[in-house]
1. Taking the number of other C-beta atoms within 10 Å as the exposure measure, put 327, 230 in order starting with the fewest.
2. Note the full-extension length gain between residue 306 and residue 324 as 0.36 nm times their separation in residues minus their Cα-Cα distance, in nm to one decimal.
3. Report the full-extension gain for the segment residue 147 to residue 176: residue separation times 0.36 nm, less the Cα-Cα distance, to one decimal in nm.
4. Stretched out fully, how many nm does the piece from residue 190 to residue 273 gain, at 0.36 nm a residue minus the Cα gap?
5. Based on the Cβ-Cβ distance of residue 263 and residue 241, what FRET efficiency does E = 1/(1 + (r/R0)^6) give at R0 = 25 Å, to the nearest 0.05?
6. Could I have the simple spin-label model distance between residue 212 and residue 53, label points 7 Å from Cα toward Cβ, reported in nm to one decimal?
7. For the residues 77, 188, 90, what sequence is obtained by ranking on other C-beta atoms within 10 Å, fewest first?
8. Using a 10 Å cut-off around each Cβ, can you sort 80, 166, 134 from fewest to most neighbouring Cβ atoms?
């Protein structure tokens, strides 16, 4: 075949492919968002979800409406300052009857429209903001059901609610077009049950100095011993007082020499901080066996300790004295538990 014939045949075969390639290059995607009304074919989906499905009579019934761009290209939506123009919530009872939808005029909007969410771009009245959802992005809004349906139409018999939603992407320029939710919620609204409200603690507003009990001081001291935090441990212990309950150190401390007394307290401190002291495994402050007066207190503790490799249960009574409005441990009496 002549060379000219091959050239003509090549053009005939490759012509459509070259034309398609050229059209692909010219088919530019608007990355500012597709403003067409055909939002469904663009991949925009609406879902309703909720972290909980059961609500009591005095609960705030709320859920989330999520707009997800599941397409390949950006989609433009317009969010109105009045959310009732963007969202219509349909709540039906078990018999399929729909609760009354609130009219848009009942929405109480903010008086200052110059907030970060709804900004007026000029001095004119423009109540919407443009939002571009790129592929894979999601816009989520918390929906409070009482803002979208008329609660006065609720019957005492209403218990099961089926909730769906409609979203109007451009409620001013294309108010006829909406997107129905791809999911629904089955909520249980139990009007026979109420959740007790939290009460304010009067003590939280008190200006008086908070009082720490003797049992709390003993618990803090033993917790510091368990974690071997000795700087905290010795805050609650009076060494000069409890040394009297340890005869081997008391004999040295009873000397008239100040030097010997200082040495005795130093050795006693080392002993309590783990050198020869029993290792604390666990403890329990006995509430029913504690005594507390205005200046003195007794707190009993049941504790398990490791003594040279053997575990033993001890019943220990701690004697406390109030000094400068705080309790301090000034005596210890311990015995093996039964």
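Values quoted throughout were computed directly from the atomic coordinates according to the rules given, and no laboratory measurement underlies them. Given the structure is predicted, the values throughout are model-derived calculations rather than measurements. Virtual Cβ from ideal backbone geometry, glycine too; neighbours counted across all protein chains shown.
1. Arranged by neighbour count, lowest to highest, 327, 230 become 230, 327.
2. 3.0 nm
3. Values: separation 29, 0.36 × 29 = 10.44 nm, distance 2.21 nm.
Separation in residues times 0.36 nm, less the Cα-Cα distance, equals 8.2 nm.
4. So the extension gain works out to 24.0 nm.
5. 0.90
6. 5.0
7. On the way: 77 24, 188 12, 90 17.
Final ranking by Cβ density, sparse to dense: 188, 90, 77.
8. Going from sparsest to densest Cβ surroundings: 134, 166, 80.
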